[in-house]
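Remarks on the structure that follows.
Quick note: the coordinates plus some simple rules give every number you see, no bench work behind them. No experiment lies behind these values; they were computed from the predicted model shown. With ideal geometry, Cβ positions are generated from the backbone for all residues, glycine too; neighbour counts draw on all protein chains shown.
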């Protein structure tokens, strides 16, 4: 009886769409007006102490284990929760204090490999042909397919650098190599990529050989902090800083400064919260160990403290929402195959992750931002207007 009273109190103000709740004893209640858009079924009680300790972990695990079933859109449900003033996801009463995370080089290696070394065969099932695992850029809106949008994102990033042929280029956290290899092939740069993922490292190595780029491209299986005294004209880092940890963000930008040549240009692209930095307990435990989403002010402060200046800044929130929605559609198109490969619990977990992230972007809870930064006076060697970025 106590559990049901608790959940009724918690859920009664958690959504701004009509939601039906079916409890473990078969009783039910509908919150909101109209036909329920989503039905949540509790197959068993979830202990109150688990929810109050960390709601995202308790409820995420319950869904993974089949203790909670959701009929309807998970994305719509979570987006509604973020937008609802009384949502447990935004109520400090249900936030867990997150301890500091050391992020030594060994810890970073383990964190990255736990996510990216799930297997290239898994990622091939739902990523696009470029094997790009970051926010796409939809120049044609919803008309663009994902492959075109990912290719457009790569060119959008590279054009912002105003790259000159023959100069040097470093991609920190190079993924499966599309950005760095495009920089070599189409922009005639001498490129270096670094990753801690063995699967990605082997993939990029094979692609360099396949494309005959050995003279202008290299990939290193190394922590970005171990690159020594070498410097580059251009640096990119896409979807990387979210993995370094709050305590290491300043050191991350210190290394960007150290690796840039004088008057060099860097494009740093990643998830940022305009409302301030945050952790998510469930995401940290199951998806991105050690992850931290920094705040916008926090990012700008680190850039300024490390003697760099911002030449341009662009928000791409809606683009990442669209990217995640396509990923989840691709994922569910191969759901049976993924479940056979990875198991039911993993499949439910990953589907929840993709939809929850899409909802978080849709609601404005998180954003993805591109920071164009320079080592030296802002935009000193860049064109006077932004027109060059779109030509």
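Odds and ends about this structure:
- Top of 31, 133, 234 by mean-square fluctuation, Gaussian network on the chain, Cα under 10 Å: 31
- Placing a pseudo-label 7 Å from each Cα along the Cα-to-Cβ vector at residue 4 and residue 120 gives an inter-label distance of 5.5 nm.
- FRET efficiency, residue 73 to residue 229 (Cβ-Cβ, R0 51 Å, nearest 0.05): 0.50
- Sites residue 386 and residue 278, calculated FRET efficiency, Cβ-Cβ separation with R0 35 Å, nearest 0.05: 0.70
- Relative to the current alpha-carbon distance between residue 53 and residue 263, full extension at 0.36 nm per residue lengthens the span by 70.8 nm.
- Efficiency of FRET from Cβ geometry, residue 221 and residue 309, R₀ 41 Å, rounded to 0.05: 0.80
- Mean sequence separation of contacting Cα pairs (under 8 Å, at least six apart), scaled by the length of the chain, corresponds to a relative contact order of 17 percent.
- Ascending count of other beta-carbon atoms within 10 Å, so fewest first, for 351, 145: 145, 351
- Pair residue 339, residue 214: separation of 7 Å Cα→Cβ label points (nm): 4.7 nm
- Estimated distance in nm for a label pair at residue 188 and residue 202, the labels positioned 7 Å out from Cα along Cα-to-Cβ: 3.6 nm
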